[in-house]
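Engineer: Here's a structure for you.
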Amino acid sequence: MKMIGPTNPSRGARRPLGLDEVRLTTGFWADRQQQNAQVVLPHCITWMERAGWLDNMRVLGAGGPAAGRRGREFADSEIYKLLEAHAWEAGRSGDPATSQFVTAWGATLAAAQAGDGYLNTNFGRPGQAARYTDLAWGHELYCYGHLIQAGVARLRAHGTDDLVSVTCRAADHICAEFGPAGRTAICGHPEIETALVELYRATGQERYLTQARLFVERRGTGLLPPGPFGREYFSDRIPVRQARVLEGHAVRALYLASAAVDVAVETGDDALLDAVVHQWQRTIATRTYLTGGMGSRHEGEAFGDDFELPPDGAYCETCAGVASVQLAWRLLLATGEARYADLVERTLHNVIAGGLAADGHGFFYTNPLQQRVAGAAPEPDALSPRAATGLRAPWFEVSCCPTNLARTLASLAGYTATADAGGLRIELLTGAEIHTTLASGRRVGLRVATDYPWHGRVRIQITDADGAPWRLSIRVPGWARGATLTAGGQTHAAVAGSYAQAERAWRPGDELVVDLPVAPRWTFPDPRIDAVRGTVAVERGPLVYCLESVGLPGGVDLDQLAIVTATPPRDAVTSEPETQAVDVAAIATPSSAPAAWPYAADRPAGAAAAPHPVRLIPFYARANRGPAAMRVFLPEHRAND
Ligand SMILES: [Zn+2]
């Protein structure tokens, strides 16, 4: 069976390879997929049982009362994301127990679904508000969106079953209720739109696309009340095709932009696609953190103004990282431009990988780039507040991020390679086996072997080819100046921020090698990002680095260090192999008690101490050594300081 991944546009510059065409085999992402299957998914089930969210649905299915329902109004969506993750994972691994979990839950959902297709544990029963009486905050359509994405995953990875039937009944109900002859309304949280387009792609039923387009076009026309955070919180201040930049609640804005790309691609609406491309460009240029994180403000979980990117106040929700990957991936498929895949890589390696604890049992909801004080360990058996920073928590009162990570990791093979008219493209540089049929009808196979991101060599060996010519392309990240491509015994320079390509009549055993310069490098922020002016960060390959207080020599204060950029950053000689550390030279101002008034007529005196090395670790690996203060951007020491 052909196992198509989460996004399958009917037209565009690239075709995404399916989950049956790409298998992650070894390395950074294969390890995380294994951990997702073995640790994260069972962890999510345990906590959702404990929180009562799974029982909510069982009780509804058994015809029980609403009285004991637990959790927030959108708790059903967590069941659906958990099911989506299991559906992809069952398809990937073929594990019968994982598949059985989805089958059993399909039956539970079928029992809980009303005769007309309505399904929600928070509305409509005696003692609850009536259906669709709180579209701004009730999240009913948002929950359907996640149900539909789970149904699409099951349909593609397995075939029709109860979950797929429940999904289609719910989607038909939405079309009847909110279609041209129904209510002119939208949901406070976008998500249904992109889900309906994907269900259209999976089933061919045009009404789902029509409904998605209606929802996208209705947004920005003032259908929702303004609320405490303004209309932009709901992505409802301005129609999506008129917007110039992403604004308001980051996850909402990114899901809506993803849907706009989907609708534009399926309806041939190039003006709508162009609008999102321009929004993305300005958002990347002025409203995105070095990690790929998005959302500068805790209030409204929102994008800030241009260049408003405080490292300590950053929200950078893990879900916004997931949503940003979804948007950039859609833009890559539509346009074929490498810059979108670059952002996918940056966000995956820093936000997504960092959202998960080393042991797989903890999650970050927010991902700031500075932790001023060492956080306290969360209560091991209690739900944590979502914006608690410092250490990862096992679960949150709003726990959207863990299941969002789980479904992303389970389907990551679908973000690894694409096909175009001339051949095959490697987008995500990670150990993989790939077999596909090219547009020309030729079967090809290859093996990607690499220790990336720790080492920069990516070796691709052809395992299946019939001797006809085709083009093999490997993405060379934008930071990789000095990269080379070796094929057929010849080495050429490869251009950073594009694809290194070789077209030939490949034979099994042929090799192509790309060498990327992953040596640590300085990164300086645009001075308009005033919160980090005068600072420097370290990157190494796609990884952003940070300095934690737990790694500092005794008596050295993280806030009093300045980095000597005249001495280049270096790979640490002794280091954990899985988290290559980087040493930089720093000068520490001696610690002193705060002055009575921390402002003065004279500039503070610079430190006279000799530089000494401090050790940085990858940002994603922070907070795995206990409570720690942490910084990504460190003040730069200048010679005359
Ligand atoms: Zn979240």
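Engineer: Could I have the simple spin-label model distance between Gln281 and Asp312, label points 7 Å from Cα toward Cβ, reported in nm to one decimal?
Structural biologist: Result: 3.6 nm between the two label points.
Engineer: Measure off 7 Å from each Cα along the Cα-to-Cβ vector at Ala67 and Thr491, then give the distance between these two points in nanometres to one decimal.
Structural biologist: It is 7.6 nm.
Engineer: I'd like the Karplus ³J(HN,Hα) series for the range 347-362: coefficients 6.51, -1.76, 1.60, θ = phi - 60°, whole numbers in Hz, and an x wherever there's a Gly or Pro.
Structural biologist: 5, 4, 6, 10, 7, 5, 4, x, x, 10, 5, 4, 8, x, 10, x
Engineer: Give the accessible surface of the range 304-382 per residue, rounded to a whole number of Å², with probe radius 1.4 Å and ligands, DNA and RNA excluded.
Structural biologist: Accessible area per residue: 26 Å².
Engineer: Excluding ligands, DNA and RNA, what is the solvent-accessible area per residue of the range 186-267 at a probe of 1.4 Å, expressed in Å²?
Structural biologist: 30
Engineer: Also: Would you mind checking the range 473-516 for residues with the amide N under 18 Å from a putative spin-label position 7 Å along Cα→C-beta of Gln461?
Structural biologist: Zone members listed by number: 486-489, 506-515.
Engineer: Taking every pair of distinct Cα atoms and averaging 1/r, then inverting, what Kirkwood hydrodynamic radius in Å comes out for the chain?
Structural biologist: Answer for the chain: a Kirkwood hydrodynamic radius of 25.5 Å.
Engineer: Something else about it: Could you give the accessible area per residue of the range 577-641, probe 1.4 Å, as a whole number in Å²?
Structural biologist: With all protein chains present, the range 577-641 gives 59 Å² per residue.
Engineer: Please list, ordered by chain and number, the residues whose modelled amide H lies under 5 Å from the amide H of Ala13; skip anything fewer than 5 residues away on the same chain.
Structural biologist: Ala334, Thr335, Gly336
Engineer: For Thr437, what charge total do you get from the other residues with a beta carbon under 13 Å from its beta carbon, if Lys and Arg give +1 and Asp and Glu give -1?
Structural biologist: 0
Engineer: Could the peptides 509-518, 75-84, 60-69 be put in order, highest first, of the mean number of other beta-carbon atoms found within 10 Å of their residues? List each step's numbers first, then the result.
Structural biologist: Details: 509-518: 19.4, 75-84: 25.6, 60-69: 14.5.
Descending mean neighbour count gives 75-84, 509-518, 60-69.
Engineer: Within the range 164-206, report the trypsin sites (Lys or Arg not before Pro) that DSSP leaves as loop and that have at most 13 other Cβ atoms within 10 Å.
Structural biologist: Arg183
Engineer: Below 11 angstrom from the Cβ of Gly230, what's the summed charge of the other residues (Lys, Arg +1; Asp, Glu -1)?
Structural biologist: Surrounding charge for Gly230 is -2.
Engineer: On to the next question. Would you please give the FRET efficiency between His435 and Asp95, computed as 1/(1 + (r/R0)^6) with r the Cβ-Cβ distance and R0 = 22 Å, to the nearest 0.05?
Structural biologist: 0.55
Engineer: Counting every Cα pair in the range 359-398, what percent are over 13 Å apart?
Structural biologist: For the range 359-398, the fraction of Cα-Cα distances above 13 Å is 46 percent.
Engineer: Would you calculate, for the chain, the mean residue ellipticity at 222 nm contributed by helices, counting each DSSP H stretch of 4 or more residues as -39,500 (n - 2.57) and dividing by all residues, to the nearest 500?
Structural biologist: Counting only the DSSP helices, I get -10000 deg cm²/dmol.
Engineer: What GluC sites (Glu not before Pro) in the range 534-641 are in a loop by DSSP, with at most 12 other Cβ atoms within 10 Å of the Cβ?
Structural biologist: Glu578
Engineer: Run through the DSSP bridge list for the chain and note the antiparallel percent, rounded to the nearest 5. The partial results should precede the final answer.
Structural biologist: Values: 69 of 76 bridges.
Roughly 90 percent of the DSSP beta bridges within the chain come out antiparallel.
Engineer: Between the range 153-226 and the range 69-114, how far is it from one alpha carbon centroid to the other, in angstrom?
Structural biologist: Result: 19 Å between the Cα centres.
Engineer: Could you check how much of the accessible area of the chain is carbon and sulfur, as a whole percent, using a 1.4 Å probe? Can you show the working numbers first?
Structural biologist: On the way: 12080 of 23370 Å².
Whole-percent figure for carbon plus sulfur exposure: 52.
The values are calculated or read from the model by the stated rules, or taken from the named source; none is laboratory data. If you're wondering where the values come from, they're calculated on a predicted model, not measured in any experiment. No Cβ is skipped: glycine too gets one built from the backbone with ideal geometry, and neighbour counts run over all protein chains shown. SASA here: full protein model, heavy atoms, side chains in, ligands and nucleic acids out. Shrake-Rupley method; radii C 1.70, N 1.55, O 1.52, S 1.80 Å.
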